[in-house]
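Just so you know, all these numbers are worked out from the coordinates, no wet-lab data involved. Not measured: the values here are computed from a predicted model. For neighbour counting, all protein chains shown are included, and Cβ atoms are generated from backbone atoms with ideal geometry for every residue, glycine included.
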Amino acid sequence: DAKTTQPTSMDCAEGRAANLPCNHSTISGNEYVYWYRQIHSQGPQYIIHGLKNNETNEMASLIITEDRKSSTLILPHATLRDTAVYYCIVREYGNKLVFGAGTILRVKS
Amino acid sequence: KAGVTQTPRYLIKTRGQQVTLSCSPISGHRSVSWYQQTPGQGLQFLFEYFSETQRNKGNFPGRFSGRQFSNSRSEMNVSTLELGDSALYLCASSLVDAQETQYFGPGTRLLVL
């Protein structure tokens, strides 16, 4: 079973920041937080991951709370092409990715 | 750098047949994982190969098998196909390091009639 809890769906206005929350209250010290997204019928796309510190790359920022029990993925300027299912996954080295249902993000013009 | 490639992209088979799907990982990646995605069950892990050995296995029947070659390319085989095997089959590759970020291919869509 997935170790994360995410809202079923969210809407965001085009050009605004999209903030996607994820709860992982049972995360262990060795587990990373990964974010992937999947645009309809395509393979999941890696976005970002982190262990303790906040991370930023060209796609997004990942904010992890100090107790590591929750995190937020931030897409700074959402576009229509960001409409997808976003998966938050916690995973330890050597283990498989366990996907939950994810959050359907709808970016609207 | 080229991404993960999967062939074929689409496939139609009939019940009872067998099928072989192929995955070429990103250059330098030695771990290959396979996933099945269906509307009812979502994305589920099938198995992972590293250095031609199965390292992890999901909860699928023995009809699902795989292998990895010395160049890290991988194949998965499904024998005695059932209607429920209709799905998107995804392959992901990764470096074998502390973080092992997995990068996915476009998938093979299998339809069993």
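Miscellaneous remarks
- For segment A:96-107, the Karplus equation 6.51 cos²θ - 1.76 cosθ + 1.60, evaluated at θ = phi - 60°, returns couplings of 6, 7, 10, 8, x, 7, x, 10, 7, 9, 10, 9 Hz by residue, with Gly and Pro reported as x.
- Dipole of chain B computed with +1 at Lys/Arg Cβ and -1 at Asp/Glu Cβ about the Cα centre; of B:A87, B:M76, B:P8, farthest Cα towards the positive end is B:P8.
- Listed residues B:S93, B:S24, B:S65, most fluctuating in chain B (Gaussian network, C-alpha, under 10 Å): B:S65
- Loop GluC sites (Glu not before Pro), segment B:46-105 (other Cβ atoms within 10 Å of the site Cβ: 15 or fewer; DSSP): B:E52, B:E82
- The H on the amide N of B:G66, modeled in the peptide plane, is under 5 Å from the matching H of B:N77, each at least 5 residues off or on a different chain.
- For chain A, the share of DSSP beta bridges that are antiparallel, to the nearest 5, is 85%.
- Formal net charge of residues neighbouring B:L21 (Cβ-Cβ distance under 14 Å; K, R +1; D, E -1): +4
- Segment A:1-105: GluC sites (Glu not before Pro) falling in loop per DSSP and having at most 10 other Cβ within 10 Å: A:E58, A:E66
- Calculated FRET value between A:K52 and B:F69, using beta carbons and R₀ = 25 Å, to 0.05: 0.10
- Positive contributions from Lys and Arg (+1) and negative ones from Asp and Glu (-1), summed over other residues with Cβ under 15 Å from the Cβ of A:C12, come out at +2.
- For B:Q17 and B:V96, the FRET efficiency from 1/(1 + (r/R0)^6), where r spans their Cβ atoms and R0 equals 35 Å, is about 0.55.
- Counting DSSP beta bridges with both ends in chain B, the antiparallel % (nearest 5): 90 percent
- Loop-located chymotrypsin sites (Phe, Trp or Tyr not before Pro) in segment B:60-113 (DSSP state not H, G, I, E or B) with no more than 13 neighbouring Cβ atoms inside 10 Å: B:F69.
- Computed over neighbours whose Cβ is under 12 Å from that of B:L11, the net charge equals +2, Lys and Arg +1, Asp and Glu -1.
- Separation between Cα centres of segment B:62-86 and segment A:1-66, rounded to whole Å: 30 Å
- ³J(HN,Hα) computed for each position of segment A:63-74 - Karplus, 6.51 cos²θ - 1.76 cosθ + 1.60, integer Hz, glycine/proline x: 10, 10, 5, 4, 7, 6, 8, 7, 8, 9, 8, 10
- Separation of alpha-carbon centers, segment A:72-109 and segment B:11-55, rounded to whole Å: 22 Å
- Partners of A:K52 within straight-line reach, counting aspartates and glutamates whose Cα lies under 16 Å from its Cα and excluding those fewer than 8 residues away in the same chain: A:E31, A:E66, A:D67, A:E92.
- Taking all Cα pairs closer than 8 Å and separated by 6 or more residues, the relative contact order of chain B comes to 36 percent.
- Residues of chain A were split at every exposed loop site, defined as trypsin sites (Lys or Arg not before Pro) in a DSSP loop with at most 16 other C-beta atoms within 10 angstrom, and the longest piece left, sites excluded, is A:70-109.
- Label point at A:L80 placed 7 Å out along Cα→Cβ; residues across segment A:11-28 whose backbone nitrogen lies under 16 Å: A:12-16
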